[in-house]
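Input: a single structure, listed below in structure tokens.
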Amino acid sequence: MIESIVDDNERILWRGKPDIVLYIVGNPAIYLVAIFWGLFDLFLISDFLKDAQFLNGFFIIFFIFHLFPVWFAIIGPIFRLINYRTVEYAITDKRVYVSRGIFGRDINTLEHREITNLSVDVNFLENIRKVGTLNLFYNANVNGAFNYRVSSDANRFISIEDPYGVYKLLKKVSLDVTTDQAFPNAYRPKENTGYNTEYK
């Protein structure tokens, strides 16, 4: 899919997908919350069931909504399993791509000059499976001010292999491409050849 949307003169330098197990599992903390929440509601429901006056529609609807963290923990992995087939990340010599989606394929792109900061997060499970998450930060234009650092799943490489190597590559490419765009070769003096933006 990535090949079909890149420019004709655009080269893919790296592409990858999340670790399937960790992507589907998601954040382990939600399962701990769901277990404690579910146990609490189980005791609460069993207490209410002792009194027949609480056996009504309102009671049932209330607990269906009250068990939201439990439903979220159950439905989340199913959602991510369906979504996994469309998740793909790519770095080119022009921009960064994040592909994902349930009913279709949504593509989010960031120009190299838009990326303001990068960070790598490696949690306990990612460390075991030797993967990590690369966060791409950019400044959002909110009320005319570019002072909000933003990172979301649409701008993250989640649980990828060799996260530090990808971090190093993206940092170098972004610096080179941004510098080349700010100071085009045609405007450089002959003694300043600029950055090497021809990637093999």
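The values are calculated or read from the model by the stated rules, or taken from the named source; none is laboratory data. This structure is a prediction, so every number in the text was calculated from the model and none was measured. Here the Cβ is made from the backbone with ideal geometry for all residues, glycine too, and neighbour counts use every protein chain on show. All accessible areas refer to the heavy atoms of the entire protein, side chains included, with ligands and DNA or RNA removed. Shrake-Rupley method; radii C 1.70, N 1.55, O 1.52, S 1.80 Å.
Brief remarks on what is shown
- Spin-label pair TRP71-VAL25: with each label point 7 Å from Cα along the Cα-Cβ axis, the two points sit 2.6 nm from one another.
- Computed with every protein chain present, the accessible area of SER119 is close to 30 Å² [probe 1.4 Å].
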